[in-house]
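Undergrad: I have a structure here, written as structure tokens, and I will follow up with some questions on it.
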Amino acid sequence: MPQPPTTSVNPSEESISVGPIGIHFLITGADSNGSVSVFEFTVPAGEKLAAPAHKNDAYEEMLYGLEGVLTWTVDGTPIEVGPGQAICIPRGAVHRFDNLSGRPVKQLAVITPAIMGPAYFREAAEAIGTAAGGPPDRAKLAELFRRHGMTVAGPPAV
């Protein structure tokens with residue numbers, strides 16, 4: 001019989017850099033019986049997401065603004081999320097983010113259930129590092145996304 005997770009503050013405490021974006025895990029699926037994954041992430045001023053727009057196939061993604069304003073594009077609609085504001089990206093919604101401001105951004109992400117965790121970000125960091133400053137291999141990203149509950153969005157409809 002599996003042992004319940006130990007209750008503690010920030011049980012995961014793992015930081016991962018994916019290119020210029022910093023991710024700091026606080027709680028993972030291993031800490032929550034698979035129910036939730038929680039992490040802070042920072043996006044430098046003017047930084048645009050290197051990964052393509054995608055959709056979450058099997059989980060919701062909630063974002064809460066801590067510092068700065070991040071522009072999320074959800075199903076084609078840009079939505080600015082700043083300090084004290086929250087957004088829920090439902091399963092199946094095509095989304096991405098960009099920091100269009102001149103300030104760094106910090107947001108809190110809550111993933112439920114905890115399908116996306118540190119392993120995804122470690123692998124994404126490796127894929128971006130392998131690209132050596134060029135665009136990451138789209139086929140490899142698509143496979144990485146699939147393994148972690150996401151699908152790369154197709155090109156926008158004309």
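FYI, it's all coordinate maths here, none of it is from the lab. None of these values were measured; they are calculated from a predicted model. Virtual Cβ from ideal backbone geometry, glycine too; neighbours counted across all protein chains shown.
Undergrad: Please order His54, His95 by the number of other Cβ within 10 Å, starting at the fewest.
TA: By the 10 Å Cβ count, ascending: His54, His95.
Undergrad: Does the chain classify as rounded, prolate or oblate by the C-alpha gyration tensor (a ≥ b ≥ c root eigenvalues; a/c under 1.5 gives rounded; else a/b over b/c gives prolate, otherwise oblate)?
TA: Rounded shape, in that the Cα axes give a/c under 1.5.
Undergrad: Also, quick follow-up: Mind checking the angle between helix 138-147 and the chain's longest principal axis? C-alpha axes, 0 to 90 degrees, to the nearest 10.
TA: For 138-147 against the chain, the angle is about 30 degrees.
Undergrad: Fewest Cβ neighbours within 10 Å first, please rank Lys48, Lys106 accordingly.
TA: Lys48, Lys106
Undergrad: What does the C-alpha gyration tensor say about the overall shape of the range 109-158? Classify as rounded when a/c is under 1.5, otherwise prolate if a/b is larger than b/c, or oblate.
TA: oblate
Undergrad: Less than 27 Å apart at the alpha-carbon level, and either on another chain or at least 8 residues along: which lysines does that give for Lys106?
TA: Lys48, Lys55
Undergrad: Then there's this: If you put +1 on each Lys and Arg Cβ and -1 on each Asp and Glu Cβ, how big is the dipole of the chain around its Cα centre, in Debye rounded to 20?
TA: 300 debye
Undergrad: For a footprinting-style exposure proxy, rank Thr130, Thr71 by other Cβ within 10 Å, fewest first.
TA: The order, fewest Cβ neighbours first, is Thr130, Thr71.
Undergrad: Sort out for me the Cα centre separation of the range 12-87 from the range 105-158, rounded to whole Å.
TA: 12 Å
Undergrad: A further question follows. Sequence gap at least 6, Cα distance under 8 Å: using those rules, report the relative contact order of the range 14-149 to the nearest whole percent.
TA: About 30 percent, as a whole number.
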